[in-house]
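Just so you know, all these numbers are worked out from the coordinates, no wet-lab data involved. This one's a predicted model, so the numbers in the text were calculated from it and none came from an experiment. We place every Cβ from the backbone using ideal geometry, glycine too, and count neighbours over all the protein chains shown.
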């Protein structure tokens with residue numbers, strides 16, 4: 001029997017998933033969370049599908065062992081590759097990924113059905129966003145673009161200025177310079193690192209293109225699922241957050257603040273081995 005007062009587990013290959021945690025805390029301020037960043041083995045985006053599934057299962061097991069009531073797979077690559085295996089293995093636990101909520105939001109937002117997905121190499125190669133969007137809207141035209149450099153820029157904090165603008169222009173130019181009847185009217189940020197680059201992406205895309213952030217849509221999905229399962233925490237007190245990392249505590253705290261939006265103390269991060 002799942003305990004409504006138990007924390008929600010969230011994991012990612014590193015710190016990018018903190019954008020999902022940030023959205024979850026906004027949506028569910030009375031819930032407690034345990035966030036696991038598998039920083040020793042990042043990035044997942046360049047790993048084989050078999051390796052991603054193995055890493056994801058190990059991360060999930062570490063969180064389940066700590067008594068969570070729901071599991072949020074905050075990594076797009078792990079969501080795209082390992083979600084079915086996780087849902088099968090932990091069939092008594094709500095397991096939510098970021099791909100399907102992002103796809104649903106994109107389909108709802110698009111008037112033309114032309115949707116672009118910006119993601120990592122692994123997420124693009126796996127095709128989960130494309131498949132999810134086409135399942136919901138079979139006539140949609142989906143273009144997926146691997147934007148691996150965005151990950152490094154986000155972690156270095158180079159989210160504006162000439163370098164970020166040049167990278168965004170290189171990735172987006174083929175989409176935005178296409179004939180009007182081929183240009184997307186929705187861009188999905190299909191990696192948890194990318195929301196911090198949203199301003200530069202929005203500036204290039206213009207007002208005619210809607211930007212879908214899978215972090216915010218996932219948070220709403222988690223809230224709805226907990227309500228349906230009777231698992232919302234009824235406490236009026238603010239929830240607590242615990243952090244776990246598999247390596248690099250100092251980097252986790254210094255880089256993590258850019259994604260979480262609030263300071264993380266090294267004393268609040270527990271180093272674990274998977």
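Among 110, 32, 48, the largest mean-square fluctuation in a Gaussian network model of the chain (Cα springs under 10 Å) belongs to 48.
Taking every C-alpha pair closer than 8 Å and separated by at least 6 residues, the mean separation divided by the residue count of region 100-214 gives a relative contact order of 35 percent. Tell me whether region 108-164 comes out rounded, prolate or oblate; compute the Cα gyration tensor, take square roots of the eigenvalues as a ≥ b ≥ c, and use a/c under 1.5 as the rounded threshold. Since a/c reaches 1.5 and a/b is larger than b/c, the shape of region 108-164 is classed as prolate.
Placing dummy labels 7 Å off each Cα toward the beta-carbon, the span from residue 262 to residue 162 is 3.8 nm.
Principal-axis analysis of the Cα atoms of the chain puts helix 49-64 at an angle of about 40° to the longest axis.
Just to confirm the number: angle between the C-alpha axis of helix 76-89 and the first principal axis of the chain, 0 to 90 degrees, nearest 10? The answer is roughly 40 degrees.
DSSP assigns beta bridges within the chain; of those with both partners inside it, close to 0 percent run antiparallel.
Annotation: average projected area of the chain is 13.8 square nanometres, based on the convex hull of Cα atoms across all directions.
The packing ranking, built from the mean of other Cβ atoms within 10 Å per residue, places the peptides 66-72, 205-211 in the order 66-72, 205-211, highest first.
If the segment from residue 235 to residue 198 were pulled out straight at 0.36 nm per residue, it would be longer than the present Cα-Cα gap by 9.9 nm. The protection proxy used here, the mean number of other Cβ atoms lying within 10 Å of each residue, ranks peptides 125-135, 175-185 as follows, highest first: 125-135, 175-185. In terms of overall dimensions, region 100-214 has a Cα radius of gyration and Dmax of 13.1, 39 angstrom. For residue 181 and residue 227, a Förster radius of 35 Å and the Cβ-Cβ distance give a FRET efficiency of 0.30, rounded to the nearest 0.05.
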